[in-house]
Every structure is written in C-alpha cells, then in structure tokens.
Amino acid sequence: YKTGSLVLKSNVEIYLEGGAVLRASLDESEYVVRGNKNSIGKDVVHLIYAENNKISDPYSEEFHNPENYIESDNMKIYGRGTIDARGRDLEKEANLLSQSIIPMNCSNFAADGLTIRDTGVWSVAPGLSNDLQFTNLKILNTMNHEDDCIDINGCQDVVVRNVVGVALDDPFSTKTWEPGELFQAWCGEPEPCENILFEDCLSWSYCYGFKVGQGSWRDQSQIVFRDS
C-alpha cells in the first residue's frame, strides 16, 4: 500500500496483518517538511506521526501558537506487517530524509510486532511524550546515514522491549535535545527523560549499540538498559 504521511489522531489503531506493507511514496507532494538534519544538510519528512498541531507545516508562523497545539492520546500501530520508509529511494528521488514512526506531544502510544525497514534518518523518534511502549519490533535500517533505530527524546515512562535494531548509527538511545532542527515539529518546552527501560533488545551497529548521555540539554534519570 503506497502512502505519503499518515497522521494518527487520538483513539486510532492501525493493524498490519502479516504480509501487508505500507510503502512510502516517492512523490514529495505527499509530504510536508517537518524538520532538517543539519549534519546531513537535508529536509526531513515523517511517514507516520501523531497529530500534535492544527497546522501541519512546523515552519508556519502559527505553528508555535499554543492555541494550535493538540495533545493526542491512545494510539496504536501493530501487527506482523512491514513499514517500508524507502529511505535510500526517497533521498535519491526527492532529496528528502524519511523517518518512520514519530509520536510527539502525545500519551499512551504503542507500536508492536512490526518490521520497519530502510529509514533515512532516526527511525522511531518519540518526543515530549509519555506512557509509550515499543515491543517486538524489527528495525532494519539503511546503513547509510544517522539512521538510529529508536531515540527517546524528552519522554517519560517508556518501555522498549524485545526489539531488534540494525543501523549504521546508534540503534538505541535516549536524548534531551532542544526544539528545532530535527525536532522543528515539537510543540512546547523541552522536557526531561525519566523512567525509560530498554529490555531484551538486540543491537547491531558500527557505532554505539546502546547510548545515553549525548544530546543532553535536560535531565535524564532512571534510564535502564537490561538483558540486551
């Protein structure tokens, strides 16, 4: 199933049965630029993300008006299907870097059972959110750029369990960046990382298999890497 960006709203579930593939479109008109990766010098788009603003373009003057903020709740994407972000193809055809699943400014979000492949940059990257679960995932990335598998950014009460991460760069990491650049689409002030558990994970990388401590502009506490 070819798709541009899919925006998850509150109380929405997506189920992908085994054999089903959500495959990123290469038509740049089906995306809104959501940020920029300065170190690579290219714009970033989100394939699947939680609705967090009435306006889709984070570079709009009204995007950071609090009256336009939306805090989504209770979303899930699961099954045994595949999300194909087509990172290499999208970069070649449209000069865009893809991210696969981006829960931001939300709560009670879960991703379970899926295979996620070929993300252009930072595949699963929740931001400023709480009560998140990422379980039984296989994230197989491009081995091309800063293609981290799961980066937890300024979130609280997060479980990452039984996840395989294959990436050139930092498969599993926590960070507390400031808004802007890759996080242009965040709404509100930066938050600390608190109570984050990585458990029963397998990391394959040329860089850091499990990382905490870089990109730390706010406090990080109770970060646990266990049995991985």
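Tabulated data for the structure shown
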| quantity | calculated |
| --- | --- |
| Residue satisfying condition, being within 21 Å of GLU146 (Cβ to Cβ), part of a loop (DSSP other than H, G, I, E, B) and open to solvent by 50 Å² or more (accessible area, probe 1.4 Å), within set SER56, SER39 | SER39 |
| Pick from region 1-19, criterion surrounded by 15 or more Cβ atoms within 10 Å (Cβ to Cβ) and among the small types (Gly, Ala, Ser), ranking: farthest from LYS76 (Cα to Cα) | GLY4 |
| Test: LEU168 is free of Cβ contacts under 8 Å to residues at least 60 places away in the same chain, within 16 Å of ILE40 (Cα to Cα) and open to solvent by 30 Å² or more (accessible area, probe 1.4 Å) | yes |
| Residues that are assigned to a strand (DSSP E or B) and closer than 13 Å to CYS149 by Cα, drawn from region 85-110 | SER98, GLN99, SER100, ILE101, ILE102 |
| Some residue of region 3-25 being touching a Gly at 6+ places or on another chain (Cβ under 7 Å), of a type in the set (Asp, Glu), within 22 Å of ASN136 (Cβ to Cβ) and outside any strand (DSSP E or B) | yes |
| Which listed residue is aliphatic (A, V, I, L, M), surrounded by 24 or more Cβ atoms within 10 Å (Cβ to Cβ) and part of a loop (DSSP other than H, G, I, E, B), from VAL160, VAL121 | VAL121 |
| Within region 36-95, tally of residues that are aliphatic (A, V, I, L, M) and either in contact with a His (Cβ under 8 Å, 6 or more places away or on another chain) or at pLDDT below 95 (or both) | 1 |
| Residues of region 105-129 that turn out to be touching a Phe, Trp or Tyr at 6+ places or on another chain (Cβ under 9 Å) and more than 16 Å from GLU13 (Cα to Cα), as a count | 7 |
| Tally, over region 149-172, of residues that are touching an Asp or Glu at 6+ places or on another chain (Cβ under 7 Å) and under 16 Å from ARG88 (Cβ atoms) | 3 |
| Looking only at region 139-157, and only at residues there that are more than 13 Å from the chain's Cα centre (by Cα) and closer than 23 Å to ASN108 by Cα, the one that is surrounded by the most Cβ atoms within 10 Å (Cβ to Cβ) | GLN156 |
| Residues that are of a type in the set (A, V, I, L, M) and out of contact with any Leu (no Cβ under 9 Å at 6 or more places or on another chain), drawn from region 140-171 | LEU140, LEU168 |
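Table: residues versus (1) touching a helix residue (DSSP H, G or I) at 6+ places or on another chain (Cβ under 6 Å); (2) modelled with pLDDT under 95; (3) of a type in the set (Gly, Ala, Ser).
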site: ASN130; (1), (2), (3): no, no, no
site: ASN141; (1), (2), (3): no, yes, no
site: VAL163; (1), (2), (3): no, no, no
site: ALA167; (1), (2), (3): no, no, yes
site: GLU181; (1), (2), (3): no, yes, no
site: TYR206; (1), (2), (3): no, yes, no
site: GLY213; (1), (2), (3): no, yes, yes
site: TRP217; (1), (2), (3): no, yes, no
site: SER228; (1), (2), (3): no, no, yes
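The values are calculated or read from the model by the stated rules, or taken from the named source; none is laboratory data. Everything numeric here is computed off the predicted structure, so don't read it as measured data. We place every Cβ from the backbone using ideal geometry, glycine too, and count neighbours over all the protein chains shown. Accessible surface is based on the protein model in full, side chains and every heavy atom, while ligands, DNA and RNA are left aside. Shrake-Rupley method; radii C 1.70, N 1.55, O 1.52, S 1.80 Å.
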